[in-house]
Each structure stands twice: as C-alpha cells, then as structure tokens.
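Let me begin by presenting the structure, written as structure tokens, before commenting on it.
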Amino acid sequence: MTSALDQPLPPGDDPWSVLRAATRARVALGRAGDALPTARELEFRAAHAAARDAVHQPLDPAVVRASLPGAEVLEVHSAAPDRATYLQRPDLGRQLAEGTTLPRTDADLALVIADGLSPRAVHEHAAGLATALLERLPGWRVAPLVLASQARVALGDAVGAALGARAVVVLVGERPGLSSADSLGVYLTWDPRPGRADSERNCVSNVRPPHGLSYAQAADTVAALLSAARQLGASGVALKDEGPALPAGAG
C-alpha cells in the first residue's frame, strides 16, 4: 500500500503540500520576505478567532438535549454566575451553585457533560461519545445524565458525590488550540468527592473525529478504564493499563 507521501509531485508543485495535508500542525508555511505569506497569515488569524469564539460561545442545553433523544438530563450550574467570572475564577467553576440539589441514585456511574473551555466541542461531540460509552457498559447502573454550565473538570466530583455514584466520567470541552477548537476531553474519577486531586483522575484527550480520536476509540478506552477502576477501587496514578483498548504502560 502506498501513501500520499509516496506519490510523485507534478513539476512546480509545492513539495511541502503533501506534508501539510497529512497533519493539522502548522508546518512548512513558507515566507514572503521576512514574514509569512498572506494566505498563511490569514489562516492563522482565522484559527485564532475560532479558538476565541469557542471559549466564549455559550452552552446551548437545547442542542445537547436534542442530540440525546429519550435520555433523562439534569441541568446544573457552577458557582460562577457568568462566563467572564468563570474564566477569571477557575475555583468557582469547580463548585456547584449554592442551593443545587440532585437526587441520590447510588448508581455505579455518573456521566457529566460540562461546557468547559469549549462549548462548541460539547455541541459537536458529547452526544456521540456519551452514546458510544453507554453502549459499552452493560450491567452498569447509570445515573441521569448531568449537563453542567460554566463547569471545570472537578465539578464532576461534587456532582458524583451528590448523586452517590461510585464513579464519575466528565466529558468536557478542552482548551482550544490553533488547530483544534472543538476538542473534547474525558476525565474519570473513582469514588468522586470534593477535594479529589488531579492525580486521582484518568484522562482521555482529543476526542474530535475525524482529526482526533473517534467516539469508538475513546469509548473503548474509557470503558476499559472504568472496568479496571472498579476492580482496583481507585483511579488516577494508581490505575495502570492492563486492558487491550489502552496503550501499554498508560496510567
């Protein structure tokens, strides 16, 4: 089998174009005098604008609900009252708003969909990943899905504890990059409760088909981590990969 890199280039074609087509990284941009070519400069500005827009775009619960027909979805809000405060006060994004109540479920798993730093990623990928993950967890008692606004990863600990879940998985919009404004991250914590450290979580990053992980790949990995965490009774640095869905040595 030959790849695009093996194909001969027509005379006069840019020899770096094949490499640029094979990666989302900004490589071989060329130059015009001492600066970037105009086209590359405009591409950079467009990517930067897309990243900024992704951070400030508001979460639309109706979009998420419509993409999960039939699912029971509970909505919560962090202690950050608005987007500006959320961006300036990460600590408030880790706490539930005062007066928040959630039903005690004593479920095996709480699944939280959090806007994070890219609501766009949630709009585009959360439903597909949530569906793929739940299909891989037969026998698990799953609490109603929780949709969290102005939320950081650690808000999942408070949600999981309130629901009485043995584990929490947070699907969260990741910090946008200049080539990935729609990347979704997954964070798993066993025995969630406020005060858990980042070292007590496992992360699967860059879920954004077709340029990142597919829903199936990410769901396979998270399901394997959940099964291993249930056997071990722990997650984070204590949890090492022994499953076929995970790369050897991961933890």
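The values are calculated or read from the model by the stated rules, or taken from the named source; none is laboratory data. Here the structure is a predicted model, which means the values were calculated and not measured. All Cβ positions, even for glycine, are placed from backbone atoms using ideal geometry, and neighbour counts span all protein chains on display. Heads up: the accessible areas ignore ligands, DNA and RNA and are worked out on the full protein's heavy atoms, side chains in. Shrake-Rupley method; radii C 1.70, N 1.55, O 1.52, S 1.80 Å.
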Which one of the conditions (1) under 17 Å from GLY185 (Cα atoms); (2) open to solvent by 70 Å² or more (accessible area, probe 1.4 Å) does PRO119 fail to meet, given that it meets all the rest?
(2)
Cβ contacts < 7 Å: first residue in contact (Cβ under 8 Å) with a residue 40 or more places away in the chain, restricted to the stretch 90-108; second residue open to solvent by 60 Å² or more (accessible area, probe 1.4 Å), any location; separation 6+ or different chain. Result?
ALA107/ARG141; ASP108/ARG141; ASP108/ARG166
Residue that is most open to solvent (accessible area, probe 1.4 Å), among those in the stretch 29-64 that are in contact (Cβ under 8 Å) with a residue 40 or more places away in the chain, over 18 Å from GLY177 (Cα atoms) and outside any loop (DSSP other than H, G, I, E, B)
VAL63
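Step by step: first the residues of the stretch 65-100, then only those that are polar (S, T, N, Q) and closer than 17 Å to PRO192 by Cβ, then the one that is most open to solvent (accessible area, probe 1.4 Å). Which residue is that? Reasoning before the result, please.
Start the filter on the stretch 65-100 by keeping residues that are polar (S, T, N, Q), which leaves 67, 78, 85, 88, 95, 100.
The next check asks that each one be closer than 17 Å to PRO192 by Cβ; those that pass are 78, 95, 100.
Working: SER78: 3, GLN95: 87, THR100: 51 Å².
So, considering only residues that are polar (S, T, N, Q) and closer than 17 Å to PRO192 by Cβ, the one most open to solvent (accessible area, probe 1.4 Å) is GLN95.
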